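These notes are about the structure you will find just below.
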Amino acid sequence: MYPLQLDVAGKRVVVVGGGPVAARRARPLVDAGAEVHLVAPYLCEPLAELVAAGRVTWSPRDYAPGDLDGAWLAHTATGDPRVDDAVAEAADAQRTWCVRADDAARSAAWTPAVARVGDVLVAVTAGGDPRRAVRLRGAIQTALETGELPLRRIRQGERRGQVALVGGGPGHPGLITTRGRQLLAEADVVVVDRLAPRALLAELDDEVEVIDVGKTPGHHPVPQHEINRLLVEHAQAGKQVVRLKGGDPFVLGRGGEEAAACRAAGVPVEVVPGVTSAVAVPASAGIPVTHRGLAKQFTVVSGHEGLDWANLAGTEGTLVFLMGVSLLADTAAQLVAHGMDPDTPAAVVEDGFGPRQRVTTAPLSGIAAAAEAAGAQPPAVIVVGDVAALAIG
């Protein structure tokens, strides 16, 4: 067999049969722009929907000689060998390629199982064994979607650059979404944070430019306006840019600012949500931010100065502080001073999902001293509320 892709856009394709197999053949033809005509006395629901939407035409009867006139391609899937034989013979006589669903060995053409991600299409055949081909296709599809196969363009050509703001989750490489992995595998430039899943960078092509803009407490070597400029500049040069961030880009991650900067410059931007550390890191220590009988809501707070302490102290449910280790003593003192019970359970979870993960627990009035005695260091998430008493490990 000779593998070949066909441009069927605007070309007449006849599908004989009205059942689920015919529907599976018709849908990708319609999506590829073919002028599909159905011949069948009855149609299954997916085909009826295509007819109702005006995307295919239909002759509501059995196959008859002449139905293939003007067709570039035919598919027959009636389930009746005599009809399929007649369609195949008519197609052969007029030099029209025909795909038989009933007997691959007698078919003039085969349709492969197809894995598709973006503009990448992989067609799989398996020696006339369609179930085997589908299983292989599934494995390839998963590998494409998770970025395990090389997706990055080598021949760039004329294409528009864009930016993807990808939330990498709380740091473990397995907690990034499949869409995030896919975009990372396609990237020409990666602008990466300190708390992003950096282990994934080792999987990138050598030609991919990696720009480290990581911040540490009190040390921001690349200011935000410069990060915004880098994203826009590389995208305007036609590059596929991934801004790889820890957690979720829109949860205290300045993703909104970066998206706004890109849009203001006319650069397309995609936002890929991530597993936020505000929920995931407490969970890694056995702490649910909500729990029946203990907390019906939770509030995520940036652990910096200038907070409305009276409002926070009176909030029902769980308080989750990000980036707040250095100010933990002041945070605890302010909450107690504004009316929160000093015996409220509290926990500090360091390096969630990382190799040095550690949990320190104490009542709110003593959590700062306990964390200092343990030598708690960022990155860490602070949890204040009854659910902190559920911490393990």
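All of the numbers you see were taken from the coordinates with simple rules; none came from a lab. Note that the structure is a prediction, hence the values are computed from the model and not measured. Cβ sites come from the backbone with ideal geometry, for glycine too, and all protein chains shown count toward neighbours.
Worth a mention:
- Anchor LYS215: lysines whose Cα lies under 17 Å away (excluding residues fewer than 8 positions away in-chain): LYS245
- Protection proxy ranking of 282-288, 262-268 - average other beta-carbon atoms within 10 Å, highest first: 282-288, 262-268
- Size descriptors for region 162-275, from the alpha-carbon set: Rg then Dmax equal 12.6, 34 Å.
- Relative counts (whole %) of C-alpha pair distances in the chain, using bins that are 10 Å wide: 5, 18, 20, 16, 15, 12, 9, 4, 1, 0
- Proximal aspartates and glutamates relative to LYS296, as straight alpha-carbon distance under 13 Å, when same-chain residues fewer than 8 apart are discounted: GLU316, ASP386
- All Cα pairs of region 12-111, percent lying beyond 15 Å: 54
- Average projected area [Cα convex hull, region 75-178], square nanometres: 10.5
- If the convex hull is drawn through the Cα atoms of region 239-393, its volume per residue in Å³: 125
- Average Cα contact separation per residue, the chain, under 8 Å, 6 or more apart, as relative contact order %: 10
- Computed per residue of the chain from DSSP H runs no shorter than four, each worth -39500 (n - 2.57), the mean residue ellipticity at 222 nm is -8500 deg cm²/dmol.
- Each residue of region 272-280 was assigned a 3J(HN,Hα) from its phi angle through the Karplus curve 6.51 cos²θ - 1.76 cosθ + 1.60 (θ = phi - 60°); the sequence is 10, x, x, 6, 6, 5, 4, 9, 5 Hz, with glycine and proline shown as x.
- Percent of beta bridges antiparallel (DSSP, the chain, rounded to nearest 5): 35
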